[in-house]
Structure formats: structure tokens, C-alpha cells
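Written below as C-alpha cells is the structure these notes are about.
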Amino acid sequence: MKKRLILVTSPPASGKTYVSQQLAKALHNIVYLDKDALIPLSNRVFHVAGEENNRSSDFFEEHIRNYEYIVILDIGFQALEYADLVLINAPFTREVRDNNYISDLKAKLAERDADLVVIWVETDIEVTRQRMIERNSPRDTWKLANWDEYVAGRDYSTPSIPALSDCLVKFYNSSEEQYNESMERITKFLLA
């Protein structure tokens, strides 16, 4: 089996974590990494810097966000030394719209004899809002309180850059029926 780095991506509350966990269970013998595991460290950075814990703030953008992605990818690259399948659950919302970023990532993976698979979890915006309300997480407080501003600053459309043309798979996740169809289709694809 060819090595693969699988990125499960989408805006927050689209169902990435659940989809990622279920795919990992279905695929067996896979390294599962969740960028959210870095949140306690990021929260500590906010605290030490005396900044409001706001993952939509300029402080987060400048001092935390990109480093979370660097770290989780470095861990993923290390895992590819020992496993054929590595799945990273993280939004990557900007990165999957940056042709140079994806091209560079594919080149780094080619050096490890690995391919990239990007799974875009597509979910209706109102469904994501309801999921944020239900999960009741402090990281969503600002987003929910400023919903219109938050949504206006996010791109919910499917990424369509050239570098993704051969590695992007859509996972529809606005209903149970869509979820079931997508899970079956994508699991078969990844196991083929």
C-alpha cells in the first residue's frame, strides 16, 4: 500500500472530528492526529501573554495559528515513517485554497513516497451553527456571539485550486443519509 497523508478539512463545526474518527475506525491501522489536541498548549500561550482566549483574534493569527499547523504536520510526517496511513483532523481552511502550499506539501510527501488525500467535509452553514451551540465549547463563544461577522469571514465553498484536482474528495455531512453515503464511498476509495 502506498503511504498516504489524509487531511480531513472544513470550517469549524462541520463534523470533521466525528467524520475523522469514524474514518480512522473504518480504516484500521491508521495514525489519527487531531489538531485540537494542541488547544491546551495554545490556551497557555494566551494566558502567559495576558491575551483574551480568542481563536479569532489578531493575536491568535500572529502568534499561534500557523504554528499549530506546522507542529501537527511535523508529527504527521514523523508518523509516516512508521505507518502507511496518517489522518490529520484540522480545518486547513486557508491552506487548501493556497496552490503553492498544497504543491509544497505534495512535494514533501513525495520525498517520503507518500500521496496526499484531502477530504473536504461539506455541511450547511446553519447545521454548523447548531453543532457549535450543541458542543458548547469556549472556543466558539466569540463565533456564536458574533455569528454574522464570523460567517462573513469564512469561505464555506469547496476549494478548487489546481493542486487539489487529483487529491480532493468531498464528504457530504448535512444529514444522516449524506453522512452514510459519503462514509461508504470514501472508505472504499481509501481502502482500494
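Derivation of every value follows stated rules applied to the coordinates shown; laboratory data play no part. Just so it is clear, the model here is predicted, and its values are computed rather than measured. Note: ideal-geometry Cβ built from the backbone for every residue, glycine included; neighbour counts use all protein chains shown.
Points to keep in mind about this one:
- Listing MET132, MET183 from fewest to most neighbouring C-beta atoms within 10 Å gives MET183, MET132.
- Averaging 1/r across all pairs of distinct Cα atoms in the stretch 3-191 and inverting the result yields a Kirkwood radius of 17.2 Å.
- When the Gaussian network model of the chain links Cα atoms closer than 10 Å, the mean-square fluctuations of SER182, SER165, SER174 top out at SER165.
- Among GLU52, GLU68, a tally of other beta-carbon atoms within 10 Å of each Cβ gives an order, fewest to most, of GLU52, GLU68.
- Cβ-based exposure ranking for ILE64, ILE102, in which fewest neighbours within 10 Å come first: ILE64, ILE102
- Acute angle (nearest 10 degrees) that the helix 16-27 long axis makes with the longest principal axis of the chain, alpha-carbon atoms: 20
- Most mobile of ASP58, ASP34, ASP98 in a GNM of the chain (Cα contacts under 10 Å): ASP58
- For the chain, the 222 nm mean residue ellipticity estimated from helices alone, with every DSSP H stretch of n ≥ 4 adding -39500 (n - 2.57) and the total spread over all residues, rounds to -14000 deg cm²/dmol.
- When only the Cβ of Lys, Arg, Asp and Glu is charged (+1, +1, -1, -1), the dipole of the chain relative to its Cα centre reaches about 420 debye.
- For the options VAL121, VAL19, VAL71, a Gaussian network treatment of the chain with springs between C-alpha atoms closer than 10 Å singles out VAL71 as fluctuating the most.
- Vicinal HN-Hα couplings computed from phi for the stretch 171-188 (Karplus, 6.51 cos²θ - 1.76 cosθ + 1.60; Hz; Gly/Pro x): 10, 7, 9, 9, 8, 4, 4, 4, 4, 4, 4, 5, 4, 5, 4, 6, 4, 4
- In degrees, nearest ten, helix 99-111 long axis to first principal axis of the chain (Cα): 50
- Normalising the average separation of contacting C-alpha pairs (under 8 angstrom, six or more residues apart) by the number of residues puts the relative contact order of the chain at 35 percent.
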